[in-house]
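Take a look at the structure set out below.
Computed from the coordinates by the stated procedures, all read-outs in this text should not be read as laboratory data. This structure is a prediction, so every number in the text was calculated from the model and none was measured. Note that we place each Cβ from the backbone using ideal geometry, even for glycine, and neighbour counts take in every protein chain shown.
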Amino acid sequence: MQEDGGLVNWGQPSNMTLIGFALLFAALLAVAFVIESFRKRRRRAEKIQSAWSLVESIQREKEFTEPESIALAAMIKRWAPNEPDRVVTLREHFDHCVDKEMEMLRQQGVEAQAERLGVTLRDVRVKLGLDFVPIGQRIYSTRELFRGQELWLTRESDSPPKWIRAHATTVNEACLHISPIEGYDPARPPLSAGDVYRFRLYRDEDARYQFAMSFLRREADPLELVFRHTSDLKRIQAREHFRVRHEQNTNVGVMNAPLDTESPTTRDRRIVTRTRGRITNISAGGFALLMPHPIPAQVLIRVTLELEVEATEPFDVDARIVGTTLLPGGRCLIRAAYYDVEDDRRDLIARYVIHRQQRQQEAIMVTE
C-alpha cells in the first residue's frame, strides 16, 4: 500500500476479484430465491391443507354418507385439487368439476357408472346448497332445472318441428328425465339413442332458453324420456319490456273482487287480505314477486313500489297475475302485469328501468 499526498491508493482490483464478487452476489440471489420459493410452496401447501380441512368440516356438518364423501373427494382431486373450498362453496366451480367427471366416464364408455355417480353427486349438490339458483339469475346448465319445470322439445331432424310439451321429473348430475304431459304419440317416429332434440323453456323469473340434448333411452313405467345434460344454453330476452333486477320487500294487498267483474277501475275494489312479499325484478310492463304462498290467479293484487328516483315517494300499483311458479320450500314466484296504472306512473317506472339498465351496462364495461 502506498500513500500519495495523504491519500490511500488501494490499487486496481483484478478481473478475478470482480468475477468472485459477481459469483458471490449471484449465489446470494440464488439462495434468496430458493428460500422464498420454499416459503411460497409451504404457504401454498398450508393454504391447500386448510381448504381440504374446510371440505372435511362441511362434510361432517352436512352429515355426508361415506359414498358421498368418497365421490366428492375423488372428483375434487382429479379436477380442482388446489381449490377444494371453491368446489364446495361456488356453484360454477362445482358444475365445472361435474362436467369433467361425467365427460371422463362417458369417454370410457361406462354410462351406467356415470348415472350411478350422477345420483350420488346430486345428493352432494343438495347437501351443499348448490342446487338453488337465486331468483332472477340465469342458469348455465340443464342441471339447474327443477322438478316440474315445463319444457318443449322436438327432434332436430323434424321439418317442420313437431313440438312435444313435457315437464322435468328427475334431475341428477348425469342426465335429465322428462315426461311428456300428453304422453308420447305412437304415430311419431321411434326414439333412438343418440338422436339430438331441440328444447325450449321459459323461466318466469328469468328469460327464455333454447338448447339441444342427446337422447339416451326411454323408460316405460312411468313414461320418461332420459337425456344427457348440456351446458350450452342460449338465453333469449323474449319480453315486450326489458326487465331489470329490483330487490324490495313490499306490502301485498289482495282485492275482494275477481278480475272479470264489470268494474272499469280498481279504485272501488276493497283489499281483503294483506301480506308481505319480495319484488325480485321489474319492467315497464310488470314485475316478479316472491311469495311464501300462492295467490289465486283470477284476482288483482296491489303492491307498493319504492323506486330510486329523485323526488319520488313510494306509490301503489295494481296488477293481475299472469303466471305462478312453485319453488322449493313451499314458496312461489308470481309474475304480474300492471292493471289500470296511470300513464305518468308507468312512465316513471320505465325511466327507472332504463336508468338501472344503463348502470348495469356501465358496470359490465368496467369489469371487461
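In terms of surrounding Cβ atoms within a 10 Å radius of their Cβ, Ser69, Ser192 rank from fewest to most as Ser192, Ser69.
Counting every other Cβ atom within 10 Å of each residue's Cβ, Leu300, Leu90 order from fewest to most as Leu90, Leu300. Going by neighbour counts of Cβ atoms within 10 Å, the residues Cys97, Cys332, Cys175 line up, fewest first, as Cys332, Cys97, Cys175. When the alpha carbon gyration tensor of the range 264-349 is reduced to an equivalent ellipsoid, its three semi-axes come out at 22, 16, 12 angstrom, largest first. Using the Cβ-Cβ distance between Glu310 and Arg42 with R0 set to 56 Å, the FRET efficiency from 1/(1 + (r/R0)^6) comes to roughly 0.50.
Inter-label distance, Arg276 to Leu28: 6.8 nm, where each label sits 7 Å from its Cα along the C-beta direction. Secondary-structure-derived ellipticity at 222 nm for the chain, considering helices only, amounts to -12000 deg cm²/dmol, per-run term -39500 (n - 2.57) for DSSP H runs with n ≥ 4. Relative to one another, the C-alpha centroids of the range 40-60 and the range 267-310 are positioned 46 Å apart. Taking the longest Cα principal axis of the chain as reference, the axis of helix 111-128 is set at about 90 degrees.
Principal-axis analysis of the Cα atoms of the chain puts helix 91-107 at an angle of about 90° to the longest axis.
The slack in the chain from Arg218 to Val196, taken as 0.36 nm per residue of separation less the alpha-carbon distance, amounts to 6.5 nm. Label-to-label distance for Ser231 and Glu342 is 5.1 nm, based on points extended 7 Å past Cα in the beta-carbon direction.
Report the trypsin sites (Lys or Arg not before Pro) located in the range 108-158 that are in a DSSP loop and have at most 15 other Cβ atoms inside 10 Å of their Cβ, or state none. Listed in order of number, the matching sites are Arg138, Arg147.
Please determine, in degrees from 0 to 90 and to the nearest 10, the orientation of helix 343-367 with respect to the longest principal axis defined by the Cα atoms of the chain, where the helix direction is its Cα long axis. Between helix and principal axis, roughly 20 degrees.
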